[in-house]
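Worksheet for the structure shown next.
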Amino acid sequence: MDILSSLTDLRTARLSLNGTVGLVPTMGYLHEGHLSLVSRAKAENQHVIVTIFVNPTQFGANEDLSKYPRDLERDLSLLRPIGVDVVWTPTAEVMYPPGYQTWVEVEALTNPLEGAMRPGHFRGVTTVVAKLFNATQPTKAYFGQKDAQQAAVIRRMAVDLNFPLEVIICPTTREADGLAKSSRNKYLSEAERAAATVLFRSLSAAKDLYASGERDAENLRGKMKEVIASEPLANMQYVSCADYDSLQELETVTGKALLSMAVFLGKTRLIDNFVLG
Ligand code: PAF
């Protein structure tokens with residue numbers, strides 16, 4: 001496994017990889033969710049590149065970039081047994097050289113949900129992902145469904161900018177009690193960790209309601225709110241029942257829909273989602 005940080009070394013390594021290349025972009029502090037993406041990339045491609053870069057441009061002014069968990073040695077020890085070819089760990093100077101002023105923006109899809117709560121976040125994500133695509137030239141790139149809007153936005157960007165690659169969205173990996181795996185779970189106290197199942201519980205309750213025939217989106221949102229409100233440590237930021245493709249809020253669920261939410265447990269903000277239909 002080559003561990004590289006310069007762009008020149010990455011390009012040289014990429015030229016030596018013949019055949020298909022799967023890319024798994026990450027911000028490190030890897031968990032089983034990331035590893036499932038890497039394993040899938042390994043199964044579907046002749047070579048795998050993993051990138052580890054805590055991207056400063058996708059953090060808001062009130063989001064603590066310096067506190068984002070990092071442990072490169074641990075990440076590398078998790079990647080080695082899977083048989084990754086290259087791990088690229090560029091510095092901020094490599095990704096954003098002095099004088100940097102070029103951005104990639106997806107428009108309408110980034111307005112609601114996470115985009116509304118985290119202004120500028122998706123501009124940072126799409127810019128860095130476009131740069132990672134350019135640098136690594138993958139055949140397929142792998143992302144998790146947990147970040148549902150990110151997945152939709154990246155898919156849109158790849159089509160709009162004619163990137164010659166396939167974007168693959170993989171299912172959310174969960175703990176035994178349903179909590180979606182996330183690098184942020186590490187911030188939770190014991191009590192917050194127990195309370196954090198409220199995201200899964202509220203999504204499940206709304207899904208059950210949907211399964212019983214409910215199609216009124218406001219009632220589905222109401223059910224999620226009710227379950228979240230029953231958890232004293234949880235503070236809801238938003239719940240949504242939106243059209244799966246446009247991410248616009250629905251009145252009635254007629255086709256594929258996305259139930260999603262952001263909830264604070266103490267200072268930790270968690271997101272999760274289920275797809276309906
Ligand atoms: O999902 C993430 O970890 C990040 O948003 C990504 C896609 C690696 C871009 O920095």
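The values are calculated or read from the model by the stated rules, or taken from the named source; none is laboratory data. Predicted model, so just to flag it, every value in this text is computed and none were measured. Cβ: placed from backbone, ideal geometry, glycine included. Neighbour counts: every protein chain shown.
A few comments on the model shown:
- Exactly one residue out of Leu188, Leu258 is surrounded by 14 or more Cβ atoms within 10 Å (Cβ to Cβ) and within 16 Å of Glu114 (Cα to Cα), and it is Leu258.
- With respect to the conditions (1) more than 15 Å from the ligand (Cβ to nearest atom); (2) in a helix (DSSP H, G or I), Ala61 lacks only one, and its number is (2).
- Looking only at segment 38-56, and only at residues there that are part of a loop (DSSP other than H, G, I, E, B) and touching a helix residue (DSSP H, G or I) at 6+ places or on another chain (Cβ under 8 Å), the one that is surrounded by the fewest Cβ atoms within 10 Å (Cβ to Cβ): Val54
- Qualifying residue in segment 63-72 (condition: in contact with a His (Cβ under 9 Å, 6 or more places away or on another chain), surrounded by fewer than 17 Cβ atoms within 10 Å (Cβ to Cβ) and of a type in the set (Asp, Glu)): yes
- Boolean, Lys140 is under 17 Å from the mean Cα position of the chain (by Cα), surrounded by fewer than 19 Cβ atoms within 10 Å (Cβ to Cβ) and touching a residue at least 40 places away in the same chain (Cβ under 8 Å): yes
- Matching option when the condition is out of contact with any helix residue (DSSP H, G or I) (no Cβ under 9 Å at 6 or more places or on another chain), modelled with pLDDT of 95 or more and either under 26 Å from Tyr187 (Cα atoms) or not β-branched (Val, Ile, Thr) (or both), among Asp64, Asp85, Asp9, Asp2: Asp9
- Residue list for segment 2-37, restricted to those being surrounded by 15 or more Cβ atoms within 10 Å (Cβ to Cβ) and at positive phi: Gly28, Tyr29
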